[in-house]
Structures are given as structure tokens and as C-alpha cells.
1. Considering only DSSP states other than H, G, I, E and B, which trypsin sites (Lys or Arg not before Pro) in segment 21-102 qualify as loop sites with at most 12 other Cβ atoms within 10 Å?
2. Quick query: amide H of L58 versus all other amide H atoms, modeled in the peptide plane; which residues come in under 5 Å with a sequence gap of 5 or more or a different chain?
3. Set Lys and Arg Cβ to +1 and Asp and Glu Cβ to -1, take the dipole of segment 59-102 about its Cα centre, and tell me which of P60, N72, L89 lies farthest positive.
4. Tally Lys and Arg at +1 and Asp and Glu at -1 over the other residues with C-beta under 14 Å from the C-beta of F8: what net charge comes out?
5. What percentage of the solvent-accessible surface of the chain, computed with a 1.4 Å probe over protein heavy atoms, is contributed by carbon and sulfur atoms?
6. Can you tell me which aspartates and glutamates have their Cα less than 12 Å from the Cα of K73? Leave out same-chain residues fewer than eight positions away.
7. Put one equal scatterer on each alpha carbon of the chain, apply the Debye formula with no solvent term, and list log10 I(q)/I(0) at q = 0.13, 0.19, 0.21 1/Å to two decimals.
8. Applying the Karplus parametrisation 6.51 cos²θ - 1.76 cosθ + 1.60 with θ = phi - 60° to the phi angles of segment 11-23, what ³J(HN,Hα) value in whole Hz is obtained for each residue in order, glycine and proline being reported as x?
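The values are calculated or read from the model by the stated rules, or taken from the named source; none is laboratory data. Computed from a predicted structure; not experimentally measured. As a convention, Cβ positions derive from the backbone with ideal geometry for all residues, glycine included, and neighbour counts pool all protein chains shown. Calculation scope for accessible area: heavy atoms of the full protein, side chains included, ligands and nucleic acids excluded. Shrake-Rupley method; radii C 1.70, N 1.55, O 1.52, S 1.80 Å.
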Amino acid sequence: RIWGIRAFFNSVMQNFLAMPKLSNHMLKQEIKGGMALNSALTSFFTNMNNQQSSKGSLNPSEVFKSVCKYHNKFRGGRQHDSHELLRSLLDSLKEETRNITE
């Protein structure tokens, strides 16, 4: 169970959890400075991996805060489309990676 922030955000995070290849990739990530969103996602997947045998809740609030740093439109409690959030999240991950490699 994912501790709720917004339904559109939970939808995206639950889909991420259903992708074993993504989970395995994130668990192998080596986080470098300046990669807040990558770091938050890695922590989320690590926590998920550690809680697989328990019935606890996951709290993706750091991931959501990191997305909001890049995209102000998600702040303030308004409803959004999960596809819009997913595209924004992926664009932000790409931008973080690009900034680190340059």
C-alpha cells in the first residue's frame, strides 16, 4: 500500500512498482550529488524492496516533492492527470541525468 499524496501520483508510483526491470535498475543506482529526483526514487524503491514481506505502507512524499521542484504546476493540491505527471517525472529524470553527465 502506498501512503497517499494524490490519486494521480499514486497511480504512477503503483505502475512503477509493477515493473521489475525498473525496480532492479533503481536498486543498483549509484546516486551522485545534484540528482534529487533520482535519489528520491532510489530511496522509494529501496524502501519498497525492504518492505516486500511486511504489510506496511510506502511514503513517496520525497519523490513528489522532487517532482514539484521541477514542475510547480503539481503544487497546491489541484487534481492532475497521471499521464501528465508521468511525462513530467520522466522529463525531469532525463534532465537530471543530462546535467550530471555534461
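1. In loop regions of segment 21-102 (DSSP not H, G, I, E or B), the sparsely surrounded trypsin sites (Lys or Arg not before Pro) are K28, K32, K55, R75, R78.
2. I2, W3
3. N72
4. On the way: positive: R6, K73, R75, R78, R87; negative: D81, E84.
Once positives and negatives cancel, what remains is +3.
5. Summing carbon and sulfur atoms, their accessible area is 48 percent of the total for the chain.
6. D81, E84
7. Cα-only, vacuum Debye calculation for the chain: -0.44, -0.96, -1.17.
8. Working through the residues one at a time gives 4, 5, 5, 5, 5, 4, 5, 8, 10, x, 5, 5, 4 Hz.
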